[in-house]
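To keep things clear, I will list the structure first and then write my remarks on it.
Every number here is computed from the coordinates shown, using simple stated rules; none is lab data. Computed from a prediction, not measured in an experiment: that's the story for all the values here. Glycine gets a Cβ as well: all are built from the backbone with ideal geometry, and neighbour counts include every protein chain shown.
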Amino acid sequence: MPYAGQVYREQRFLVSPEGDSPCVIFFMDINTWSPFQSAEVQGICLHMTDEERLATARRAGLYGVWVMATFAMPVGVLTLASNIPLRVALIALMLIHIAAIPTWMSMQRRFLCSLGWAKEQGIRPERLKMFGLPRLKAARKP
C-alpha cells in the first residue's frame, strides 16, 4: 500500500481472452496521463523514475501558473473590464500566451527526451510526436 503522496505504477497480470498467454498491463498514474498523448510520450511517462516524476510535476505546476496568469485570469477580467487600456493589456497578455505555446512545446520535447528511458531508446526531440488521437477501427463490411 503506498503512503500519502507516493507516485507509483500499478502493474496487473491478465490472461488473454484465448487463455494461452498472460499479458502485462501498466496503468498510467493521473500525474503524467493525458488523453491525447502519443504512444512515445506514454512510454516515456510509464518509465519515469520518482525523481523524474517530481520534476515533471514541478514543470506542470509552473505551466499551470503561467496559464492562469497569461490566459485564464485575463479572460475572466476581460469579461468584467470596461477600461479600454486595461482590455488592450489583457488581450496582449493572451496573445503572448498563444505565441509562447510553440516554445513551451519545444521545451517539453527536450525535457522528455532528456529523461533516462528516452535517452536509452534514442528518442530525439525533433522526432518526438507529442500528441496522437486514438485510432478508431473502421467497421468492415461483410
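Numerical summary
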{"read-out": "Backbone HN-Hα couplings from phi across the stretch 100-107 [Karplus 6.51/-1.76/1.60, Hz, Gly and Pro as x]", "value": "7, 4, x, 5, 4, 5, 5, 5"}
{"read-out": "Under-5 Å amide H pairs with Q37, H placed in peptide plane, nonlocal only", "value": "G132"}
{"read-out": "Charge context of E52, other residues only, Cβ under 12 angstrom, K/R +1, D/E -1", "value": "+2"}
{"read-out": "Summed residue charge, Cβ within 10 Å of P125's Cβ, Lys/Arg positive, Asp/Glu negative", "value": "+3"}
{"read-out": "HN-Hα J in Hz across the stretch 67-78 - Karplus 6.51, -1.76, 1.60, θ = phi - 60°, x for Gly and Pro", "value": "5, 4, 6, 9, 9, 5, 5, x, 5, x, 5, 4"}
{"read-out": "Computed over the stretch 36-127: relative contact order in percent, which uses C-alpha pairs under 8 Å that are six or more apart", "value": "33"}
{"read-out": "Radius 13 Å from Cβ of R110, net charge of other residues (Lys, Arg +1; Asp, Glu -1)", "value": "+4"}
